[in-house]
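One structure is given here, and the rest of the page talks about it.
Here, each number is a calculation from the coordinates, and none is a lab measurement. The structure displayed is predicted, hence computed values, not measured ones. Every residue, glycine among them, receives a Cβ derived from its backbone with ideal geometry; neighbour counts consider all protein chains shown.
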Amino acid sequence: EPGGRVLKSVPSTGVLNVTGVSADGRWLSVYDETGVYGWTPSGQLALFGEDDLTVVEEAVDPGVVATLIADVMQPVTVLDDLMATLEATPTPAPAP
């Protein structure tokens, strides 16, 4: 939680994945490559795309994030299914 105990120190060249921002904008929900997640003060990071951050009430577990990303990355077969349906539909014969 914001203001809680320190879980880990990140070197100045380290990379964190940001999953949200606190309602007051002072804290960022983050996780690192080892799966450690929690909050860091927003002024401590150089951010790109911070205007797109979602307000969250608790730090997001990276397992949930990974599942959401995996779901989004599933191949889309809508066009393949449509083409198969069209190919299986017989073409009407011209009227005599």
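Brief remarks follow.
- Multiplying the residue separation of A46 and A88 by 0.36 nm and subtracting their alpha-carbon distance yields 9.7 nm.
- Net charge of the neighbourhood of P11, taken over other residues with C-beta under 13 Å away and scored Lys/Arg +1, Asp/Glu -1, is -1.
- Length added when fully stretched, A95-V36, from 0.36 nm per residue minus Cα-Cα: 14.2 nm
- Burial ranking of peptide ranges 39-52, 12-25, 81-94 (average Cβ count within 10 Å, highest at the top): 12-25, 39-52, 81-94
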